[in-house]
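Visitor: Let me give you the structure first, and then I'll get to my questions.
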Amino acid sequence: MSDADVRVQIYRDFISTGRAPSATALAETMGVAVDEIRASLERLASTRTLALQPESREILFAAPLSAVPTPYVVHARSQSFFAPCAWDAFGIIGMLKTDGSIETSCPCCGEGMSVEVRDGAPLAHTGLVHFALPARQWWDNIVFT
């Protein structure tokens, strides 16, 4: 079992269920010990392939997917997914190679916002996405970013 195999299984489970698999579930699915999966998750986190929850060390983000509710909800393939940020919300639709929609709210005023994506491009929409930090600093604190 390689880290790449674990990563692929994470995405398969995430996409099929809409939720991140636990380390225990990954171990059962892959037929390996939980300790092997946990070690793989730590290696994947060290390379910024995913982010782990600080206490449980379970999956927090497997970009572009979030294991916990966020303000960015993506509807695609008759499912809903959470994204860590606006950028990743578009990434989910791109990863799935499908049409979809993104629901969120303006962080300044709370106004609801929705963007439809069809044939690989967002439909006409007003608004903008603001990134408070340059990309080189995102992993300094990926949860805040």
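What follows draws every value from the coordinates through simple rules; no lab data is involved. Since the model is a prediction, treat every value here as computed from it, not as a measurement. We place every Cβ from the backbone using ideal geometry, glycine too, and count neighbours over all the protein chains shown.
Visitor: With runs of 4+ DSSP H residues as the only contributors, calculate the mean residue ellipticity of the chain at 222 nm using -39,500 (n - 2.57) per run, divided by the residue total and rounded to the nearest 500.
Guide: -10000 deg cm²/dmol
Visitor: Using only alpha carbon positions, build the gyration tensor of the chain, then give the equivalent ellipsoid semi-axes as the square roots of 5 times its eigenvalues, largest first, whole angstrom.
Guide: 29, 18, 12
Visitor: Provide the descending list of Cα extents for segment 3-60 along its principal axes, expressed in whole angstroms.
Guide: In descending order, the Cα extents are 24, 23, 21 Å.
Visitor: OK, next. Viscosity 0.890 mPa s, temperature 25 °C: what is the translational diffusion coefficient of segment 26-105 from Stokes-Einstein with a Kirkwood Rh over Cα pairs, rounded to a whole number of µm²/s?
Guide: 181
Visitor: Using only Cα atoms, locate the centre of segment 108-124 and the centre of segment 1-77, then give the distance between them in Å, rounded to an integer.
Guide: Here the two parts' Cα centres lie 27 Å apart.
Visitor: Starting with the fewest neighbours, write out 40, 78, 101, 16 ranked by other beta-carbon atoms found within 10 Å of each beta-carbon.
Guide: Going from sparsest to densest Cβ surroundings: 78, 16, 101, 40.
Visitor: I need 125, 130 ordered by Cβ neighbour count within 10 Å, fewest first.
Guide: Ranked by crowding around the Cβ, least crowded first: 130, 125.
Visitor: With point charges of +1 on the Cβ of Lys and Arg and -1 on the Cβ of Asp and Glu, referenced to the Cα centre of the chain, which listed residue (71, 15, 92) lies farthest in the positive direction of the dipole?
Guide: Of the candidates, 92 comes out farthest on the positive side.
Visitor: May I ask you to sort 15, 93 by Cβ crowding, counting other Cβ atoms within 10 Å and putting the fewest first?
Guide: 15, 93
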